[in-house]
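Novice: Below you will find the structure I want to go over with you.
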Amino acid sequence: MEELNGLLTKLKMDHLEAQMDTLCEQAAQRELDYQSFLVEALRAEWQGRSQRGIEARLRLARFPWVKTLEQFDFDFQPSLDHRQVRELAGMSFVERAHNVVVLGPPGVGKTHLAVALGVKAVEAGHSVLFHTLETLMTRLTRAQRENRLEVTLKQLTYPRLLILDELGYLPLSQTEASLFFRLVVRRYERGSLIVTSNKSFLDWGEVFNDHVLATAILDRLLHHSTTLNIKGESYRLKEKRRAGLLGRAKPAEQARPDGREDTDPAGPDGRDGRDVMELVEGLDDAQT
Ligand code: ADP
Ligand code: MG
């Protein structure tokens, strides 16, 4: 009907306009009353819009790749509390501007979990932005050099969830560390952060080249937060092993060669066989 289409165009109800014929046919078949038909029609428009919103927010989030929680094999990582992750997936941490820190050695799924929680946030209607520490630092230092740090800090405070991946691989200069601190201060109790790191909290002093600053950062980051400490073995390594490229798996609880206990409860126990890990990481990264 021409008038109907005109009205739907004016009201910008493109999804309903596209589905109108089908909806009318179905309504006739199912003998829907007026009210039920209206519900069906408005729902079609609403679903189309929210799907479009999800797609737009997914693009804006700039994830390196998209993986979901459903794709995560929790049986492979017994040190990870499945319930805790499910709780986080409920997104109340984002609504309360709380933070999540994911610690663990390479390949255990830190980025996967961070992205998967980011996808849940997008689906729940939140704005999300993903940065590696490296791209974040490039962006912040460039902004500072070009005298527009304030604008950039505002842009980085806007997303409800900011994911900062790979803290600890590269040590930060004094300038970078203080820029990071400013960002954390800006977002504190305003917006959530997910930070992933291969370094235990005890080593963050070295990462930031400044123990006082590291303490100030941790103080704000951890005030309202959940830490997921993954202690298992690399998932990438498992796949290599299965393909017969490596020897047998080392038992996870194997004592450290220097006979010391791991004293840091939040310390990723990735020291054993780190050299092998790095080798395989390099191999794997070259392939993917
Ligand atoms: P990390 O960031 O800790 O180095 P990633 O998240 O990049 O590790 O994981 C490495 C690869 O292994 C990714 O392709 C990821 O999807 C996959 N992966 C890791 N852990 C799991 C898991 N428990 N279940 C399914 N896939 C996993
Ligand atoms: Mg990673």
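Novice: Here are some residues: Leu117, Leu88, Leu113, Leu103. Which one is in contact (Cβ under 8 Å) with a residue 40 or more places away in the chain and either away from ligand 2 (no atom under 16 Å from the Cβ) or over 25 Å from Gly168 (Cα atoms) (or both)?
Specialist: Every option except Leu88 fails the conditions.
Novice: In this structure, does Tyr158 turn out to be of a type in the set (Phe, Trp, Tyr) and either touching a Pro at 6+ places or on another chain (Cβ under 7 Å) or closer than 15 Å to Val100 by Cα (or both)?
Specialist: Considered against the rule, which asks whether it is of a type in the set (Phe, Trp, Tyr) and either touching a Pro at 6+ places or on another chain (Cβ under 7 Å) or closer than 15 Å to Val100 by Cα (or both), Tyr158 comes out as no.
Novice: Considering (1) within 16 Å of ligand 1 (Cβ to nearest atom); (2) crowded, with 19+ Cβ neighbours inside 10 Å; (3) part of a loop (DSSP other than H, G, I, E, B), say which one Glu166 fails and leave the rest.
Specialist: (3)
Novice: Additional query: For region 12-22, which residues satisfy the criterion of being hydrophobic (A, V, I, L, M, F, W, C) and buried (at least 17 other Cβ atoms within 10 Å of the Cβ)? Working first, answer last.
Specialist: As a first pass, look at region 12-22 and keep what is hydrophobic (A, V, I, L, M, F, W, C): 13, 16, 18, 20.
Scanning region 12-22 gives Met13, Leu16, Met20.
Novice: Scanning for something under 27 Å from Val85 (Cα atoms) and under 12 Å from the mean Cα position of the chain (by Cα), does region 149-158 turn up at least one residue?
Specialist: no
Novice: Restricting attention to region 64-82, which residues are loosely packed, with under 12 Cβ neighbours inside 10 Å and either more than 21 Å from Ser234 (Cα to Cα) or among the polar types (S, T, N, Q) (or both)?
Specialist: Gln71
Novice: A further question follows. Across region 133-163, what is the total count of residues that are touching a Phe, Trp or Tyr at 6+ places or on another chain (Cβ under 9 Å) and either surrounded by fewer than 19 Cβ atoms within 10 Å (Cβ to Cβ) or not assigned by TED's automatic domain parsing to the domain that holds Ser200 (or both)?
Specialist: Of the residues in region 133-163, 1 are touching a Phe, Trp or Tyr at 6+ places or on another chain (Cβ under 9 Å) and either surrounded by fewer than 19 Cβ atoms within 10 Å (Cβ to Cβ) or not assigned by TED's automatic domain parsing to the domain that holds Ser200 (or both).
Novice: Shifting gears a bit: Assess whether Ile217 counts as being surrounded by 15 or more Cβ atoms within 10 Å (Cβ to Cβ), at pLDDT 95 or above and either in a strand (DSSP E or B) or aromatic (Phe, Trp, Tyr) (or both).
Specialist: Numbers: surrounded by 15 or more Cβ atoms within 10 Å (Cβ to Cβ): yes; at pLDDT 95 or above: yes; either in a strand (DSSP E or B) or aromatic (Phe, Trp, Tyr) (or both): no.
No; evaluated as a whole, the condition is false for this residue.
Novice: Just name the residue that is farthest from Val185 (Cα to Cα) out of those in region 78-129 that are within 16 Å of ligand 1 (Cβ to nearest atom), assigned to a strand (DSSP E or B) and β-branched (Val, Ile, Thr).
Specialist: Val102
Novice: Moving on to the next point. Evaluate the following for Ala61: is it closer than 30 Å to Gly107 by Cβ and surrounded by 14 or more Cβ atoms within 10 Å (Cβ to Cβ)?
Specialist: Details: closer than 30 Å to Gly107 by Cβ: yes; surrounded by 14 or more Cβ atoms within 10 Å (Cβ to Cβ): yes.
The answer is yes for Ala61.
Novice: Let me ask something else. If only one of Thr138, Thr132, Thr152 is β-branched (Val, Ile, Thr) and within 16 Å of ligand 1 (Cβ to nearest atom), which one is it?
Specialist: Every option except Thr132 fails the conditions.
Novice: Report whether or not Gln26 is surrounded by 13 or more Cβ atoms within 10 Å (Cβ to Cβ), without any contact (Cβ under 8 Å) to a residue 24 or more places away in the chain and either of a type in the set (D, E, K, R) or more than 16 Å from ligand 2 (Cβ to nearest atom) (or both).
Specialist: Taking the combined requirement at face value, the residue satisfies it.
Novice: Still on this structure, I have one more. Considering only residues that are more than 16 Å from His98 (Cβ to Cβ) and not hydroxyl-bearing (Ser, Thr, Tyr), which ones fall in region 175-184?
Specialist: Across region 175-184, the qualifying residues are Glu176, Ala177, Leu179, Phe180, Phe181, Arg182, Leu183.
Novice: Now, a different point. Of a type in the set (Ser, Thr, Tyr) and within 16 Å of ligand 2 (Cβ to nearest atom): which single residue out of Thr135, Thr157, Thr141 fits that description? Explain how you work it out, then say what you get.
Specialist: Numbers: Thr157 fails: within 16 Å of ligand 2 (Cβ to nearest atom); Thr141 fails: within 16 Å of ligand 2 (Cβ to nearest atom).
Selected residue: Thr135, the only one of Thr135, Thr157, Thr141 that is of a type in the set (Ser, Thr, Tyr) and within 16 Å of ligand 2 (Cβ to nearest atom).
Novice: In region 39-75, what residues are charged (D, E, K, R) and part of a loop (DSSP other than H, G, I, E, B)?
Specialist: Answer for region 39-75, where residues must be charged (D, E, K, R) and part of a loop (DSSP other than H, G, I, E, B): Arg62, Lys67, Asp73.
The values are calculated or read from the model by the stated rules, or taken from the named source; none is laboratory data. What you are looking at is a predicted structure, and each value in this text was computed from that prediction instead of being measured. Positions of Cβ are generated from backbone atoms using ideal geometry, with glycine treated the same way; all protein chains shown enter the neighbour counts.
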